[in-house]
1. Measuring from centroid to centroid over Cα atoms, what is the spacing of region 325-369 and region 195-230 in Å?
2. Between GLN411 and ILE174, how many nm apart are label points set 7 Å from Cα along the C-beta direction?
3. Once you order the gyration tensor axes a ≥ b ≥ c over the Cα atoms, which shape class does region 298-337 get: rounded for a/c under 1.5, otherwise prolate or oblate by comparing a/b with b/c?
4. Quick check: Cα centre of region 372-451 to Cα centre of region 50-125, how many Å?
5. Fewest first, what order do ILE362, ILE222 take by the number of other Cβ atoms within 10 Å?
6. If the limit is 19 Å between Cα atoms, which of LYS276/LYS323; LYS42/LYS350; LYS234/LYS276; LYS127/LYS225 go over it?
7. Tell me, HIS141, HIS201, HIS284 in order of fewest to most beta-carbon neighbours within 10 Å?
8. Looking at the calculated P(r) for the chain, what percent of the C-alpha pair distances fall above 33 Å?
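Throughout, read-outs are computed from the coordinates displayed, never taken from laboratory work. Because the structure is predicted, anything quoted here is derived from the model rather than measured. Here the Cβ positions follow ideal geometry from the backbone for every residue, glycine too, while neighbour counts run over all protein chains shown.
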Amino acid sequence: MKNFTKQIFRTLIFVLLISSVFVFNSCEKDDSTNNPTPTNIKIAVFSDPHLYDPALGTSGDAFQVYLAQDRKLIAESDAILQALIAKLLVEKPNLVLVPGDLTKDGEKQSHQKFANYLAQLKAAGIKVLVIPGNHDLNNPHSYLYSGATPAPTPAVTPDEFKTIYKDFGYGSPIEFAPNSLSYLAEPVEGLWILGLDVTKHDNNATSPETAGVIKSTDLEWIKTKVSLAKSKGKTIMAMMHHGATEHFTGQSQFFGDYVIDDFANVSTQLADAGLKIVFTGHFHAQDIVKTTTAGNNTLYDIETGSLVTYPVPYRMLELTPEKKLNIKSYRIEQTSYPLGSYSTFQTYAKGYLEGGLDELIIGILMYKFGLTQEQAIAYGTQVVPLMIPAVVAHYEGDEKPTAEQLATVQQLMKSTDPLIKMFANILGSYWVDLPPADNNIIINLNTGIVE
Ligand SMILES: [Fe+2]
């Protein structure tokens, strides 16, 4: 049963999602006056843009076959990014953070196109810092789609990544971690950013490794930088692609590749080192969770959803001189991509996700669990209408199930049918939103408390 459940979860997440830590040191007042922050610092965060350069090909059977097994808005990724860049050029944040999965599958051409978009921000005086996600480096699935069969296109190596993003964290950071793509930068005076590479790209062989880890050498390096920031009176933030901790109960059991290895121990060490906030992505959901240690130190993991998955969100933050982090969340509402029969981009994106879930669950029941089409449709009739709102709600953040939805979960958990019981467990996990709130929140970095 356990393996059975894990198998369907992994398959679900693969198809659905193929898809900054304020290392706040509790500065004493005397320290912070050494490096005053006279005005609010505006920071934008967007994640998992998964840009695919349309020039690599978006027509032909191969692309359609690809899209059918991946529910990301890949064909739309370029139009979505253009819409966001236009917003940022108006908003003019001081800093933009992008915690990984910059491209569909690490195509060099997509990376170069992404860097060109970031160059527009740089030209407007906006600092940008990026890190790689699990799709971005040495990816054997780097394909172009121009006919009936996908064809390989060059994928970037770690060295090429550093070159392409030399203006966005990798050119002249304060310091690189030893033998790592992790770095420390100071994009705004008094604000240090730890850009952490937690991917396992060295393991990539026939497919990219989804899981992530903070290497032990990186972890020790991070601790020294957090300590140094405290002694210098710097505010320090970090970002990494994978979750620092579980975003719902059981995530590490069912979606272990979406949380860093040994997450409980590592997140505790980060919190006790003085880190307060880490910005993450990877799971394509809007979700904030916190880890509070025995020593009463708190680390907030601020996961931002994906630009290619409903609700296509991004975050705008303000760090006040009083060290309050005011987080607000927005959605891309309009792009140049044709909407077909939909009237708005948001309904289009939601419809794309919901339609994919329907087909996906039926397909999994047939091809992964050997049910006939008739049997799969019969199960699907029961579970699909329940799964769709739960998944959608988790991606939106601030999940609020109705009493009826919760009662249905409880009822299904009593089922003697292991397949139904498994879906009930999945549903129950999705519907419980761990604190704090996910979209709009103020975190006091002096106290570590949500206001
Ligand atoms: Fe992703």
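1. 31
2. Here the modelled spin labels are 5.7 nm apart.
3. Values: a/c = 5.01, a/b = 1.96, b/c = 2.56.
Oblate, because a/c is 1.5 or more while a/b does not exceed b/c.
4. Between the Cα centres of region 372-451 and region 50-125 lies a distance of 30 Å.
5. Details: ILE362 19, ILE222 26.
Ranked by crowding around the Cβ, least crowded first: ILE362, ILE222.
6. Details: LYS276/LYS323 12 Å; LYS42/LYS350 29 Å; LYS234/LYS276 13 Å; LYS127/LYS225 21 Å.
Violating the 19 Å limit, Cα to Cα: LYS42/LYS350; LYS127/LYS225.
7. Working: HIS141 18, HIS201 22, HIS284 30.
Exposure proxy ranking, most exposed first: HIS141, HIS201, HIS284.
8. Values: 32856 of 101475 pairs.
Percent of Cα pairs beyond 33 Å in the chain: 32.
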